[in-house]
Amino acid sequence: MSRIAARFKSLAAEGRGALIPYLEAYDPDLETSLALLKAMPAAGADLIEVGMPFSDPSADGPVIQAAARRGLKAGATLPGVLAMVAEFRKENAETPVILMGYLNPIEAYGYDRFCTDAAKAGVDGLIIVDLPPEEADVIEKPAEEAGLDIIRLVAPTTSDERLRYVLSHASGFVYYVSITGITGTRTASKHDLKEALPRLRAATDLPVAIGFGIRSPEQAATAASIADGAVVASVLLATLAETLDADGKATAETLPRVLEQIRALAAAVRAGVPAADQTA
Amino acid sequence: MADPVEHGITANQANSLRHGPDERGHFGGWYGGRFVAETLMPLVLELEQAYNAAKADPSFQKELDFYLRDYVGRPSPLWFARRMTEELGGAKIYMKREELNHTGSHKLNNVMGQILLARRMGRTRIVAETGAGQHGVATATVCALFGMKCVIYMGATDVERQSPNVFRMRLLGAEVVPVTAGAGTLKDAMNEAMRDWVANVADTYFLVGTVAGPHPYPAMVRDFQSVIGEETKEQMQAAEGRLPDVVVAAIGGGSNAMGIFHPFLDDSSVGLIGVEAAGCGLDSGKTAASIERGRPGVLHGNRTYLLQNADGQIDEAHSISAGLDYPGVGPEHSWLSDIGRAEYVGATDTEALDAFQLCTRTEGIIPALESAHAIAYAAKIAPTLPKDTLLVVNISGRGDKDIFTVAEHLGVKL
């Protein structure tokens, strides 16, 4: 069983959803982001998304754009990101790591070689924002051979018919983009999420994680209880950005502040939905 | 798989080069495509359906023809450039006068087609990206004409160097949003327009200005611009009784070039030359020549030649012309380059400035700096060609907007 499947199975046995925090590789430098990655599981991360910085993140909001710029400025490359995951894997064999990013750096690396190297580094899955199933033939076979899951994004705009098509190309879990928009801007209402989930459940047996617009511990707990996991990204990157000095360098505050926020999110996800909220 | 050469030509294109793209939006099985976030996929598919329906509906073409004639001012003349021909002493130079269209460039051909489509689709809000501002002005113009809400994304650098166009857009009622990300040029404006579209899917139509972006944009924009080549073909027949020998056009995204090339693709006697902006020189590191100095990759919804580093990060382009300052190119051009049907060359900032003055001085036509790149290459090859060679250069826009830039480079204070 893959790390992703094993993790969702054990969480289901515990009766709770997953907290899936995001970090941008090399943000604001390799050492800090590697230290953050290594510390995330103990802070309560059940799965981890690692962003691969790209020069033109056209589906991302200002917070992730800025993080990607910092990562690139710090020298992020795809080989560098894979080396970072390999370093993490020396200490942690269980926590699934999913790489998230855009297609062009992967195409430049070469699809076969990238999948082989990513699997060797200990990557479990890929989320490629600008690769719909229509174009995915370039990577589906090498990913499958390497044992990498291709995690599909689906959106409120995805029709039932399209949902079936998209999910026939999915593995690992399904990432439900809960809003129409870019990352870190709007937040979906609980009502919208509750409406959306049955539609997804009817179309797939894979676990469903909700992302885009989850900011507070309460929102994370709600999403993780309605679905099988909550992805939290922009709010963590915003906290990290706040701790940087005037030159954009990490400070003594950087790791503690981000980890503290992850701990608060994890505590809420583990506690489940507050009783007062059950009926809302 | 990632080798474009093996995808060069497929069986169904063996008889005609004008049938592309395939049903996946691929040219030659590799370039183009639909590389967008899932949130946008339903919209891109809906647009394709709507465009196919419009194309099959004679009333749509009739409506478009009416606006092209009475509002855009088509057909545009094919002008024999006698003095420039004499000065260069070689090929007979004709100019396709797209700068005479309403709003001063070829951009309105495409914009008029797409705004009619957006209306058919019931959209009420238009977003667009712009570089030099020509596409932004054209878009703001039709939004004024049809009373639609209009938001134009423009790089902050371009806002500064194309201030007359910014003012024109605002006069026309558009909201112009300066984009400060990156170098503040066309690439960044494109990113921001895509973000707006993702966030406002319900009422918004993304009016792409060039033959790039996810399928069906490259094919649709080409179709709307092909009126340039179709007219040129007829007009040259009328003037000279035969087809031209060489057609030269400037390439940023490549819409004016695709529009004049496409009707000639199957006429193998007609040489097609796309002139990219070489900036400070093809090997200066400050260039916008995506085909000559880039390699295939994926950006802004399509696979095409891109200026990028070894790690697949997109480079900043450079050109004196804001309209050519883009690190990519339309995917059909990438394919035409690979199969050798069109030739792609470069003209530098300096060559474009010289050509700008040559055209102004000899023909009394002030061309856009974009078009000046095509004139520069035409002026370079014309003296080497026999006097009976028929050379058409596409004057895609007029240069009033560029006089400040040109004055600055000539050391003149306005």
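The values are calculated or read from the model by the stated rules, or taken from the named source; none is laboratory data. Just so it is clear, the model here is predicted, and its values are computed rather than measured. Cβ placement follows ideal geometry from the backbone for every residue including glycine, while neighbour counts extend to all protein chains displayed. These accessible areas exclude ligands, DNA and RNA; they are computed on the full protein's heavy atoms, side chains included. Shrake-Rupley method; radii C 1.70, N 1.55, O 1.52, S 1.80 Å.
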Just to be sure I understand the model, the point goes 7 Å from the Cα along the line to the Cβ. What's the resulting A:ARG186 to B:GLU86 distance in nm? 6.4 nm
Given the pairs B:LYS92/B:LYS286; B:LYS55/B:LYS107; B:LYS380/B:LYS413, which are separated by over 23 angstrom at their Cα positions? B:LYS92/B:LYS286; B:LYS380/B:LYS413
Run the reach check for B:LYS233 against aspartates and glutamates, Cα to Cα strictly under 20 Å, same-chain hits fewer than 8 apart removed. What comes back? B:ASP65, B:GLU98, B:GLU99, B:ASP223, B:ASP245, B:ASP266, B:ASP267, B:GLU343, B:ASP388
Label points 7 Å out from Cα along the Cβ direction at A:GLU94 and B:THR180: separation in nm? 4.6 nm
What order do you get for A:24-34, A:114-124, B:278-288 when each peptide is scored by the mean count of other beta carbon atoms within 10 Å, highest first? A:24-34, A:114-124, B:278-288
With the crude spin-label approximation of a point 7 Å out along Cα→Cβ, what separation in nm comes out for B:ASP267 versus A:SER2? 5.4 nm
Ignore the peptide's own chain and count Cβ atoms of other chains within 10 Å of each Cβ in A:76-88; give me the average, rounded. 1
Highest-first arrangement of B:71-80, A:206-215, where packing means the average Cβ count within 10 Å: A:206-215, B:71-80
Between the residues B:GLY122, B:GLY241, B:TRP335, the Cα farthest towards the positive end of the dipole of chain B, that dipole coming from +1 and -1 charges on the beta-carbon of Lys, Arg, Asp and Glu, is from B:GLY122
With charges only on Cβ, +1 for K and R and -1 for D and E, what is the dipole size of the protein assembly as shown about its Cα centre, in debye, rounded to 20? 1120 debye
Chains A and B, summed buried accessible surface - 1.4 Å probe, Å², nearest 100: 3000 Å²
If packing is taken as the average count of other Cβ atoms within 10 Å, what order do B:225-237, B:113-125 fall into, highest mean first? B:225-237, B:113-125
Where Rh denotes the Kirkwood radius from the mean inverse Cα pair distance, what is Rg over Rh for the protein assembly as shown? 1.00
Cross-link candidates for A:LYS9: which lysines have Cα within less than 28 Å, leaving aside residues fewer than 8 places away along the same chain? A:LYS38, A:LYS90, A:LYS120, A:LYS141, A:LYS190, A:LYS194
For chain A, what does -39500 (n - 2.57) per DSSP helix run (n ≥ 4), summed and divided by total residues, give at 222 nm, in deg cm²/dmol to the nearest 500? -15000 deg cm²/dmol
